[in-house]
């Protein structure tokens, strides 16, 4: 089976959906953010703080290229990975890309108590989430499939994804 890549804003369910989908389809699961943290032996929040977003984005792109296989993987991207046009084009060409579309209100509810979101540190509100989403929407929508996740269980989302495939 062709590799499946999940993209979307932080809190859209990429990791949760990806883990369960990989079990259901018996495919390897790769969480890019976790791999970056493992390789750097620190958190993404710390990388942002000490080395900046540009450095993190370079690491993220390098990690995606190193770990990508054209088959038998479910890859959960970091929320900003699809902003990189080279990565976006590569993944759209070589994998099945799925945008997990989630409303800012639901994202806020899911992540409001999470202090590990570097783009929202100290500024966690729906307006900030809307602004980030607005900036990224065109890139997210370039994914081959869009699955709305609002008010759905992980099982329902997976059902929709497997139906689309």
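Only the coordinates and a few stated rules stand behind these numbers; no lab work does. In this text, all values refer to a predicted model and were calculated from it rather than measured experimentally. Methodologically, a virtual Cβ is constructed for each residue, glycine included, from the backbone with ideal geometry; neighbour enumeration extends over all protein chains shown.
Starting from 0 in steps of 10 Å, tell me what percent of the Cα-Cα pairs of the stretch 45-116 lands in each bin.
In whole percents, the pair-distance histogram is 15, 42, 35, 8.
So what's the back-of-envelope 222 nm ellipticity for the chain, counting only DSSP H runs of four-plus at -39500 (n - 2.57) apiece and dividing by all residues, rounded to 500?
Calculated from helices alone, the mean residue ellipticity at 222 nm is -17000 deg cm²/dmol.
When a footprinting reagent is the concern and you count Cβ atoms within 10 Å, what order do 57, 88 take, fewest first?
Fewest-to-most ranking of 57, 88: 57, 88.
What order do you get for 137, 77, 27 when you list them from fewest to most C-beta neighbours inside 10 Å?
Listing 137, 77, 27 from fewest to most nearby Cβ atoms yields 137, 27, 77.
What is the spread of the Cα atoms of the chain along each of their three principal axes, largest first, in whole Å?
40, 35, 27
Give me 145, 140 sorted ascending by neighbouring Cβ count inside 10 Å, so fewest comes first.
Listing 145, 140 from fewest to most nearby Cβ atoms yields 145, 140.
Relative contact order of the stretch 1-149, please, whole-number percent, based on alpha carbon pairs below 8 angstrom and at least 6 residues apart.
For the stretch 1-149, the relative contact order is 37 percent.
Extent of the stretch 123-165 along each principal axis, from alpha carbon coordinates, in Å, largest to smallest?
The Cα atoms of the stretch 123-165 stretch 36, 23, 10 Å along the principal axes, largest first.
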